[in-house]
Amino acid sequence: MNDDLGFDPENPLRRLLARVVAETRETGGTTGCPALSERVLEAMAAVPRHRFVPAAQRDWAYADMPLPIGRGQTISQPFIVALMTELLELEPDAVVLEIGTGSGYQTAVLARLARWVYSVERIPELAETAADRLRELGYGNVTIRAADGGQGWEEHAPFDAVIVTAAAADIPPALVRHLKPGGRLVVPVGPAGHTQDLRLLRKDAQGMVHGRSVLPVVFVPLVRDGE
């Protein structure tokens, strides 16, 4: 896989990572995650964010902020990408379901850490563009389809982890059902246009689900069929 920016400590990606590390530490008392693992840091360092934003936004590609990518969607803030990824506690053999491919940035980070990523995007144009981009960058362990993400992906369930990158009014039951015992689900929950609650859910060995709030966040809404 390509790393366009290398590991020069003066490059903008490395400066961004320093900010992400600092913000993780600053919010650790709230999130329960005061530090990022080496694997997550390496994945974040290896993904060239400027390849996942529109040309008009390139000057802001390495700012720690969300950016518009068209069709009313955004590429998430790098700190949030890192935090949500860390909360999944991915092992190298993990199979992950991502709901909300968007530009493919979060997908690329996940693909660096997991054996396979299945990603669902409601907007066909974004799904196609993200798939092409990830293919160009050498990510061969990603499968993307255009569909209603709230339905999960039955054919490949159950998953070791599920991540939702858009805010759901309520957690779709299919996503919980498709989670393996021992698996983790990270999802922002709340109304569109307002602060939402980033939640971490764990399914125990008996299939019981336990959850907690992580951090207030603001995401674009999860678009479902018929909406």
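Computed values, structure above
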{"read-out": "The range 43-56: number of residues that are touching a helix residue (DSSP H, G or I) at 6+ places or on another chain (Cβ under 9 Å) and either in a helix (DSSP H, G or I) or farther than 22 Å from Glu86 by Cα (or both)", "value": "9"}
{"read-out": "Criterion violated by Glu91 - all others in (1) of a type in the set (Asp, Glu); (2) buried (at least 16 other Cβ atoms within 10 Å of the Cβ); (3) farther than 25 Å from Glu128 by Cβ; (4) touching a strand residue (DSSP E or B) at 6+ places or on another chain (Cβ under 8 Å) satisfied", "value": "(2)"}
{"read-out": "Qualifying residue in the range 58-77 (condition: surrounded by 22 or more Cβ atoms within 10 Å (Cβ to Cβ), touching a helix residue (DSSP H, G or I) at 6+ places or on another chain (Cβ under 9 Å), at pLDDT 95 or above and more than 29 Å from Gly193 (Cβ to Cβ))", "value": "no"}
{"read-out": "Residue count for the range 4-32, restricted to those that are closer than 15 Å to Ala61 by Cα and at pLDDT below 85", "value": "3"}
{"read-out": "Val120 vs. criteria surrounded by 21 or more Cβ atoms within 10 Å (Cβ to Cβ), among the β-branched types (Val, Ile, Thr), in a helix (DSSP H, G or I) and in contact (Cβ under 8 Å) with a residue 24 or more places away in the chain", "value": "no"}
{"read-out": "Of all residues making up the range 169-207, the number that are farther than 19 Å from Leu88 by Cβ and at pLDDT 95 or above", "value": "3"}
{"read-out": "Test: residue in the range 123-132 that is touching a helix residue (DSSP H, G or I) at 6+ places or on another chain (Cβ under 6 Å) and under 15 Å from Arg224 (Cα atoms)", "value": "no"}
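Yes or no, residue by residue, for (1) within 24 Å of Gly70 (Cα to Cα); (2) of a type in the set (Gly, Ala, Ser); (3) touching a strand residue (DSSP E or B) at 6+ places or on another chain (Cβ under 9 Å); (4) buried (at least 20 other Cβ atoms within 10 Å of the Cβ):
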{"residue": "Asp132", "(1), (2), (3), (4)": "yes, no, no, no"}
{"residue": "Val162", "(1), (2), (3), (4)": "no, no, yes, yes"}
{"residue": "Ala174", "(1), (2), (3), (4)": "no, yes, no, no"}
{"residue": "Asp204", "(1), (2), (3), (4)": "no, no, yes, no"}
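The values are calculated or read from the model by the stated rules, or taken from the named source; none is laboratory data. In this text the structure is predicted, and so the values were computed from the model without any measurement. Ideal geometry is used to build each Cβ from the backbone, glycine not excepted, and the neighbour counts take in all protein chains shown.
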